[in-house]
Each structure stands twice: as C-alpha cells, then as structure tokens.
Amino acid sequence: MSAPGKSPYGIRGIVLADLAACNGAASFLQSGFWGSFKARFGWTARSFLISWYADAGTGPRGPVAMPLLVIRRRLAFGASFAYVPWGPELPPGFFPDDEGKSRILLELARALQPLLPENTAFIRFDPPWYTEGAETPPPQIYPPFSRAAASVQPPDTALVDLVPSEEDILKQMKPKWRYNIGLAKKKGVTVRFTGAEELGTFYALFQETAKRDGISIHDISYYETLFSHCGEYPADSGQELRLYIAEYQGRALAANIVLFRKTEATYLYGATSNQDRNLMAAYALQWKAMEDAKAAGCRVYDLFGIPPSADPGHPMAGLYLFKTGFGGRIIHRPGTWDYTYKPLIRNLFSIAEALRKVLWNLRKKKKGKKPS
C-alpha cells in the first residue's frame, strides 16, 4: 500500500521536556524511570511533550498534550538510531483505524527528525496499539515504514484480568493450571517475595534456564542495577520491583521478577531449575504474584511475551502453552518498525540484525527444548 495521506489527527507541536513528564505514561517502557534506567547502559534518553489535535472524526478536539520517551544509541561509523518503546501513546478518545495510526506514526517520525541529532540513521517504533484474540491478526503498519528483522519488545502477550475475585480468576484458567497450583501447595512448595539481596539465587536459576532453553541473558549487574534504580526513583512513581522465589525443602526451584506499577503488574523475567519440575513451582510462583498484584490494586497482570500463535512447531511453543493457560486475554501488537532517515546505514544495520536472528533461531532448534 502507498504511504498514508493526511490524517484528521495530527501534531500541533513538539517540545523537549524533563524525563519526569513521562511518569504518567501507561506503560513502564514509556516512563521516565525506564528512560533513566536505560541511560545507565549506553542509551541517551530524551522526553518530549506532543500536542495532538483532532479536526474531524472521533476524539477530543483541540490540543491534548501527551509525553513521549525516545532513547537513542550509537552505531558504528559515528551514526546512531532512535527508539520509541511502546509509543506513541495516543490521547484518550483517539480511535483512528490502522491507516490513520500509520499516518500519525509517519507525521511523528518526520516531526522528530529535526529534534534528533543529525547522525540519526533511523527511528524505531514499537507501537502500543493492539488487536485481541488468539487468531486475530495484529494491527497493520503501512509504508514507508519497514519491519525490523526482529522485534525488540514482545508484540504478543496474555493479560490476566485481576478485577474479578480470586476464585473467578482461578476459574478462568485451564483446569490443569488450577490443579498444578494446588498440587504445588500440597507438595510443600512455598513462595515468598524479596528484593535485590537475593538476586544471586535468581541469577543461578536464570543461568540454568538460559543454558537449557538456549536464550541470552544479561550479566547479573543489569538486574542489580534495575532493582537499585527502581529503589532510587521517586517513591511517588507508584511502582515496586519484586523478586519472587518458590522453594521446596529449603531449595529454590523457580524465581520471577515482577514490576508493580500503578494498575498493572508485569512479569519481566523468570527462571526455573532443572530439578523437581514435577512439583509445579512455576505455577505457584505466577499465582502468588497475581494474588499480591491484585491486593496491591493492580487490575492487570501482563505475562509479557508469548509466540504469535499456538503453532506446535514454534521454538517457544511451550511458553505459549504455559502462559495462555492462565486464562488471560491474548493480544497482538504490530511489532517493531523503522522509519529511515539514512538508507545505507539502516540497510547495513538490518542485514546484521537479520543475521543475528538466523543464528538465534538455529541455536533454538539445536537445543530442541521448550521453556516452561
């Protein structure tokens, strides 16, 4: 399809803002907390305020200011690229169709170019809008955007509704999942939450998981910094990072890192031991986090990433089975898309990115394992 034309939705203006302006963002990936955290690992974070307006159709009329987090990283040969994780977040009441959203994205990419360093080769977006349903296709993004070789953020996930009673939340799960949660408790598996002081326990399990499933993980310092930065961030940001550990007879069998932020809890990282997997510790771990999130006022528990479908041939088919068994709504985002400012540099980057993806897939197939 050709490039989208004029949209009834548009940008009245963009100005630089303090990172704290992003604290009201719906997603933690658009928050000032996340921008300042990524700045500790080689990224440069910038916050903007976008004045949106609508001159036709549904939605509010006149300017509506929304924050936007943009992080930037250097590439080879003095170039850099910009990245907008799960943005832009559109004003409440703006309901454009897929073409309308692509027009908005195009207008934003062009409007941001003069505000970014001249060496910016392309800007990358993970748009936050989504469709719902296991077999529903994701929203479309139209040219001149190009799909990235690999998604940065997980475009597909399952969202568990925490508003109903605990009894009703359990009823929404598959029967085997309810059974496994009860079995873990019956067998003596206990779950508790702690903090950064026990990251060594988590990381040992995480290394075991990475070796078993053929996945890449950060050095432990990354997770230590994540906890310390969350603790240093203003207390009124409405968020808390928790480390959950499931144990049996004093031995850690599984561990999760979960971010509680405002009305949403997000399961960020999980690790399981190769031992005693029949005790179903991973099921008890997720249920405890959901119980606590509900008690803390969260309305949604985001399992944060599943394969796009129930394809049994997918290298992470086991992950799809495990996460969707908790009964959440399955949603699909568009994935990662680039708008190019400097074609040669972006093309070279895309080739290298595609090669990394091929090597990763080969490693996954060689492992032949399914995570749980």
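Only helices at least 30 Å long along their axis, Cα-based, and averaging -1.0 or more on Kyte-Doolittle count here, so list those DSSP H runs from the chain.
Span-like helices here: 343-367.
I need Cys298, Cys230, Cys22 ordered by Cβ neighbour count within 10 Å, fewest first.
Cys230, Cys298, Cys22
Under a point-charge model restricted to the Cβ atoms of Lys and Arg (+1) and Asp and Glu (-1), what is the dipole moment magnitude of the stretch 258-319 relative to its Cα centre, in debye to the nearest 20?
The dipole magnitude comes to about 200 debye.
Using the count of nearby Cβ atoms within 10 Å as a rough guide to exposure, how do Met290, Met316 rank from fewest to most?
Taking fewest neighbouring Cβ atoms as first place, the list is Met316, Met290.
Please report Rg over Rh for the stretch 226-368, where both radii come from the alpha carbon positions and Rh follows the Kirkwood definition.
Taking Rh as the inverse mean 1/r over Cα pairs, Rg/Rh reads 1.03.
Tally Lys/Arg at +1 and Asp/Glu at -1 over every other residue whose Cβ is under 15 Å from the Cβ of Ile345; what's the total?
That sum, taken over residues with Cβ under 15 Å, equals +3.
Just one of (1) 47, 26, 17; (2) 40, 34, 17; (3) 36, 23, 21 is semi-axes √(5λ) of the Cα gyration tensor in Å as worked out from the coordinates here. Which one is it?
The listed entry that was calculated here is (3).
Please give me, ordered by residue number, the trypsin sites (Lys or Arg not before Pro) of the stretch 170-237 that lie in loop per DSSP and have at most 15 other Cβ atoms within 10 Å.
Lys187
Apply the Karplus curve 6.51 cos²θ - 1.76 cosθ + 1.60, θ = phi - 60°, to the phi angles in the stretch 14-23 and return the couplings in whole Hz, x for Gly and Pro.
9, 10, 5, 9, 5, 4, 4, 5, 8, 5
Measure out, as a whole number of angstrom, how far apart the alpha-carbon centroids of the stretch 120-144 and the stretch 260-332 sit.
After rounding, the separation between the Cα centres reads 23 Å.
In deg cm²/dmol and to the nearest 500, what is the mean residue ellipticity at 222 nm of the chain if only DSSP H runs of at least 4 residues count, each as -39500 (n - 2.57), divided by the residue total?
Result for the chain, helices only: -10000 deg cm²/dmol.
Which residues' amide hydrogens lie under 5 Å from the amide hydrogen of Ser309, considering only partners 5 or more residues apart or on another chain, with H built in the peptide plane?
none
Could you give the size of the charge dipole of the stretch 158-330 about its Cα centre, using +1 on the Cβ of each K and R and -1 on the Cβ of each D and E, expressed in debye and rounded to the nearest 20?
760 debye
Would you mind checking which residues have amide H under 5 Å from Gly327's amide H? H placed 1.01 Å from N; only 5 or more apart, or other chain.
Lys174
Placing +1 at every Lys and Arg Cβ and -1 at every Asp and Glu Cβ, with all other atoms neutral, what dipole size does the chain have around its Cα centre, in debye to the nearest 20?
Dipole magnitude for the chain comes out near 1160 debye.
Hey, with R₀ at 35 Å, roughly what FRET efficiency would Arg74 and Ala310 work out to, going by the Cβ-Cβ distance, to 0.05?
For Arg74 and Ala310, the calculated efficiency is 0.30.
Since every read-out is calculated from the coordinates, none of them should be taken as a lab result. Not measured: the values here are computed from a predicted model. Positions of Cβ are generated from backbone atoms using ideal geometry, with glycine treated the same way; all protein chains shown enter the neighbour counts.
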